[in-house]
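A.B. asks: Let me give you the structure first, and then I'll get to my questions.
The values are calculated or read from the model by the stated rules, or taken from the named source; none is laboratory data. Please read all numbers here as calculations on a predicted model, not as lab measurements. Note: ideal-geometry Cβ built from the backbone for every residue, glycine included; neighbour counts use all protein chains shown.
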Amino acid sequence: MNRKSLLLLIYLFVLGMPNQAPAQVNLTKLVKKVQPAVVTVITYDQNKNLLGQGSGFFIDKKGHLITNYHVLKGAYSAEIKTFDGKRYPIELVIADNGKMDLIKLFVAIPGEATKWVKATKDLPYVAERVLVIGSPMGLEQTVSEGIISAIREIPKVGQVLQISAPISPGSSGSPIINMKGEVIGVASF
């Protein structure tokens, strides 16, 4: 067999091998899928003065929303601003857990207008890629990327995810998203 034939045979062999590299995630498509579920949470005192803001996300088409407990702490009223710029008042606190810094809310939003993101039951792995979408410093729908740096056990709190994705004040309540587009955690501190 001459050298050209051998090289052609090797080339065809390599070309025919299944690709062992993991499929690349199209981040643009993933962000476009998740962004409509993410909202800005705006809080007010009893005189309708702005208290602060954070982020949150819908978990179903019924209008159930998750954010951090501290985002609403001390607020007299609150509303959300959706991806398309519409505002809806928060109607009801369904459940809260100050120790875990989580709160589940109800927003009266038309079902067809509600986009939501699914939560996974699987724990992430250290070094798994993640996205955070929220409103840091009031900059709505900001996306940051990173990895799970560590999974830590904090006394009296429980297990927390340490991430390398940048977050700032206003990111609180943002979903931490895996590369499947599922929520694996909530940005808190």
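A.B. asks: Of the residues Ile167, Ile94, which is of a type outside the set (Lys, Arg), under 23 Å from Gly74 (Cα atoms) and either surrounded by 20 or more Cβ atoms within 10 Å (Cβ to Cβ) or at pLDDT below 95 (or both)?
C.D. replies: Exactly one of Ile167, Ile94 is of a type outside the set (Lys, Arg), under 23 Å from Gly74 (Cα atoms) and either surrounded by 20 or more Cβ atoms within 10 Å (Cβ to Cβ) or at pLDDT below 95 (or both), namely Ile167.
A.B. asks: Find the residue count for the range 21-66, including only residues that are among the charged types (D, E, K, R) and under 13 Å from the mean Cα position of the chain (by Cα).
C.D. replies: The qualifying residues number 2.
Okay, residues lined up against (1) touching a residue at least 24 places away in the same chain (Cβ under 8 Å); (2) assigned by TED's automatic domain parsing to the domain that holds Val39; (3) touching a Lys or Arg at 6+ places or on another chain (Cβ under 9 Å):
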| residue | (1), (2), (3) |
| --- | --- |
| Gly146 | no, no, yes |
| Ser149 | no, no, no |
| Pro155 | no, no, no |
| Ile163 | yes, no, no |
| Gly170 | yes, no, no |
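A.B. asks: While we're looking at this one, here's another question. So which residues in the range 32-84 are within 20 Å of Thr142 (Cβ to Cβ), part of a loop (DSSP other than H, G, I, E, B) and without any contact (Cβ under 8 Å) to a residue 60 or more places away in the chain, if there are any at all?
C.D. replies: Thr82, Phe83, Asp84
A.B. asks: Restricting to the range 101-113, name every residue that is touching a strand residue (DSSP E or B) at 6+ places or on another chain (Cβ under 7 Å) and more than 15 Å from Asp60 (Cβ to Cβ).
C.D. replies: Leu102, Ile103
A.B. asks: Show me the strands (runs of 3 or more DSSP E) entirely contained within the range 114-189 in which 1 or more residues are closer than 20 Å to Lys99 by Cβ and more than 11 Å from the chain's Cα centre (by Cα).
C.D. replies: Filter on the range 114-189 gives 142-154, 158-163.
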